[in-house]
Amino acid sequence: MSKLKHLLINFSLEELRIATEDFNETSAISTAMYRGRIGGSYVAIKKINSEDAARRIIDILTKFNHLNVVRLKGCCYQRRPYLVFEFAENGSLRDCLNVLIAMDWRAKISGFGLAKPVICKEENKRMNWNESVVVGSKGYLVPEYLTDGLASLKVDVFAYGIVLLELLSGREVTMEGKLLKDFVNFLVDCGLEGSSGCLDKLNKFWDPALEGDCPLGDAICLTLLAKACTEEDHFHRPTMNDVIKAISRMV
């Protein structure tokens, strides 16, 4: 996998200026990100803060090729580096989520500015980031990373559960100083409260926009699945294979 690299196009700053009409406000997608047109196709052009950050992103994105990861097409090194990505025509899954939607409605993961490689220690076969400084998006970080710097496949399961909670609730990952995953802690005590009390709390948690579009049974199952994905103990979280099986039963 580490040997897999794809060639990047070396763009000039003039090409990027022409593509974005001199980085015009009408071309801005978000802060430091612009939509441009190069060779008849739209691209996303991102201004990077430093060469080190640009090299880190390039190192990660040129080592693998996946349908659900936004593709890096090229770069431009001037006073500040620029990276050129494929353009996701259907925009963001939601403005507060770091997931893009392509023209064929395929999800694309983006935002690799804080990404870093995982280190596996031979003596105990445990994976960690071996970093003294915790970095990442608040609310998506797993407890084992925050406390011990540990990494595993269950890290992505946790993040998936958070995204699912955002979609179900229509809320941001942190609200009123509280993490979104904590809003469904009542599910642990539902057996004591009775089904009616639990359902009342679920109705308050769910996004009203879902009414009529998502069957009640599916909404309950998805919320329970999201709760399982965000368990504090990573051994209690399902695998992504388990998640796929659970969702496939609903479609």
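Per-structure values
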| quantity | calculated |
| --- | --- |
| Above-threshold pairs, the threshold being 27 Å between Cα atoms, out of Lys178/Lys227; Lys178/Lys201; Lys47/Lys154 | Lys47/Lys154 |
| Probe 1.4 Å, all protein chains present, accessible-area order of Leu167, Leu202, Leu210, largest first | Leu167, Leu210, Leu202 |
| The stretch 193-239-the stretch 60-78 distance, computed between alpha-carbon centres (Å) | 35 |
| Percent carbon-and-sulfur accessible area, the stretch 20-84, ignoring ligands, DNA and RNA, probe 1.4 Å | 44 |
| Extension gain (nm, one decimal) between Ile244 and Leu67, 0.36 nm per residue minus Cα-Cα | 62.0 nm |
| Accessible surface, 1.4 Å probe, highest first, among residues His66, His236 | His236, His66 |
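The values are calculated or read from the model by the stated rules, or taken from the named source; none is laboratory data. Just so it is clear, the structure is predicted and the values come from calculations on it, not from any experiment. Ligands, DNA and RNA are stripped out before the accessible areas are found, and what is left, the full protein with its side chains, is counted by its heavy atoms. Shrake-Rupley method; radii C 1.70, N 1.55, O 1.52, S 1.80 Å.
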